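The numbers here are math on the coordinates, done by the rules we state, and not lab data. Here the structure is a predicted model, which is why all the values come from computation and not from measurement. Please note: Cβ atoms are built from the backbone with ideal geometry, for glycine as well, and neighbour counts cover all protein chains shown.
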Amino acid sequence: MAEPIIRAQQVEKFYSQPSENRIQVISPTDLSIVPGEIVALLGPSGSGKSTLLRMLAGLSQPSAGEVYWHGKPISTVQINVSIVFQSFALFPWLTVLENVEAPLKARGMAAAERRERSLKILDTVGLDGFQAAYPKELSGGMRQRVGFARALVVEPEVLFMDEPFSALDVLTAENLRSELLELWQKKTIPTQAIFIVTHNIEEAVLLADRIIVLGRNPGHVRTDFKVTNLVHPRDRKSPAFTQLVDYIYKVLTRPDVSPAEMPRLQPGRRNVRDQRQMHYEMLPHARPGGIAGLLELIIDLGGRADIYKLADELAFEIDDLLPIVEAASLLKFLKVEEGDVNITPAGHEFAESEILKQKELFHKAALENVLLLRQITRALSNKSDHTVPEEFFLDMLDEQFSEEETQRQLETAINWGRYAELFDFDAGRRRFILPEVEEPSEETEEVTSE
């Protein structure tokens, strides 16, 4: 095996808390990028994909562990990498040529040399003739081509790409993927390795020589394997392609099952999650109406659906569909088995009931299966005035989640609790209250946690 260009050894990302606990974003992780590979990094929202990319690219320091560039700590050497971002991140006041020249100018390259190199790379990515145009005059696909040209003009040894096609329409994204792959295979660009973060499973299977799938809470490597049975150009309709896509869906939707236990392939190295068990299960950010809609679709399909085919039929990306599936599974309305979703009797009853009955069933499922909702309800019941300040629950949650995610968790809990009529929330006073309970003007009692 070739010596890695970049090697991460037990890198972590965490944020310290006033207490002894800390918010763990990335658990201790080993990872390498070697010459001659396109590596795709997949994972659900909140798994730390972009955080890991930034540590590997030297933009963010790990909280622990070390990243090495050709065997030397990345903080001690000059590295040669570029990043293509999801947003085009162009300077609107500069022309296409000036945008591409910008990183060379920052490196102190002479005007004549940087102009020659920039014109050459613009021609390579199909932008010859647009040198004098401004970004506002270009389509989204052409603006992203400028982003590619700007990243490639410095002749990076490793090209990092953070969801570079997600802001484009389907046809434009497909065209750019094909062009990138052609440049890579023909060695038109000097880049030795490409590392792409994506939430699109098909994109990863189309492009990558190696695929890494992250789990979350905290981010950790679920599986890391080489794609050995598919040659370029890859046929989406081939059995091997669809089988690999289905396998990755199973890894993403079955966090409780080791990828090695799943059929299809035996993956390579896998990091075992070694962090403490999370006290609160992360609430998927899905609305009750979305859960009901998904259940109705599955009933129409006979009560069982393949997640991959369902996402394709709905034109959903994995990050669009998975939170709804996870929410329905958490409430025991669905079971996820081998990449398929099966509606449960409770889910069937919920989907086919009238609105008032749906609220009753959601009420029951939420109390039985969601610890946070159960704690909020019990705290309200135990208070003499049946009110609790929001800050009480924020303090409990921020021992486990980041500040942003803590707020999102509570917002989802409020949404679910209101729908199920478990409690109400006074946004002006930032207090939880039991429905139809009169509040005194002063709160004097303390709340004890469960």
query: Normalised by the number of residues in the chain, what is the relative contact order in percent for Cα pairs under 8 Å and 6+ residues apart?
result: 15 percent
statement: 1/(1 + (r/R0)^6) with r = Cβ-Cβ of K335 and K105, R0 = 45 Å, i.e. FRET efficiency to nearest 0.05, evaluates to 0.20
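With contacts defined as alpha carbon pairs under 8 Å and 6 or more residues apart, what's the relative contact order of the range 288-352 in percent?
Working: 67 pairs, mean separation 27.1, N = 65.
So the answer I get is 42 percent.
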- line: Expressed to two decimals, the range 6-261 has a Cα Rg over Rh, using the Kirkwood radius, of 0.98
- prompt: Which entries in the list K13/K332; K72/K105; K49/K187; K105/K187; K335/K357; K250/K359 go over 29 Å, if you measure between the two C-alpha atoms of each?
  reply: K13/K332; K250/K359
message: Given all pairs of different Cα atoms, what value in angstroms does the Kirkwood hydrodynamic radius of the range 288-352 take?
response: 11.3 Å
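May I ask what percent, to the nearest 5, of DSSP beta bridges between residues of the chain are antiparallel? Don't jump to the answer; show the numbers that get you there.
Details: 34 of 53 bridges.
Rounded to the nearest five, the antiparallel share is 65 percent.
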- request: Let me know the charge dipole size of the chain about its Cα centre in debye, to the nearest 20, where only the beta-carbon of Lys, Arg (+1) and Asp, Glu (-1) is charged.
  value: 2020 debye
message: Using Cβ counts within 10 Å as a stand-in for footprinting exposure, how do E281, E203 rank, fewest first?
response: E281, E203
message: Taking the 0 to 90 degree range and rounding to the nearest ten, how far is the long axis of helix 288-300 tilted relative to the main principal axis of the chain, both from C-alpha atoms?
response: 80 degrees
GNM result for the chain, Cα springs below 10 Å: residue of N175, N342, N415 fluctuating most strongly: N175
query: In degrees from 0 to 90, rounded to the nearest 10, what is the angle of the helix 239-253 Cα long axis to the longest principal axis of the chain?
result: 50 degrees
- prompt: At what distance in nm do the modelled label points of K136 and N382 sit from each other, each positioned 7 Å from its Cα along Cα→Cβ?
  reply: 5.9 nm
message: Quick check: the angle from helix 318-330's long axis to the longest principal axis of the chain, C-alpha only, nearest 10 degrees?
response: 20 degrees
task: Report the longest stretch of the chain that contains none of the trypsin sites (Lys or Arg not before Pro) sitting in a DSSP loop with at most 13 other Cβ atoms within 10 Å.
output: 277-428
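Would you list F393, F432 from fewest to most Cβ contacts within 10 Å?
Going from least to most buried by this count: F393, F432.
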Inter-centroid distance (Cα atoms) of the range 177-234 relative to the range 89-164, Å: 23 Å
task: Assign unit charges at the C-beta atoms only (+1 for Lys and Arg, -1 for Asp and Glu), then state the dipole size of the range 6-261 relative to its Cα centre in Debye, rounded to the nearest 20.
output: 220 debye
task: Please work out the Kirkwood hydrodynamic radius for the range 1-123, using every pair of different C-alpha atoms, and report it in angstroms with one decimal place.
output: 17.1 Å
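D395 to R236: FRET efficiency via 1/(1 + (r/R0)^6), r the Cβ-Cβ distance, R0 41 Å, to the nearest 0.05?
Details: r = 49 Å, r/R0 = 1.19.
It comes out at approximately 0.25.
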task: Once you have all Cα-Cα distances for the range 96-235, histogram them in 10 Å bins from zero and send the whole-percent values.
output: 10, 38, 33, 15, 4, 0
- prompt: Which three lengths, in whole Å and largest first, does the range 151-233 cover when its Cα atoms are put on their principal axes?
  reply: 38, 29, 29
statement: Label model pair A112, E354: point-to-point distance (7 angstrom along the Cα→beta-carbon line) in nm is 8.5 nm
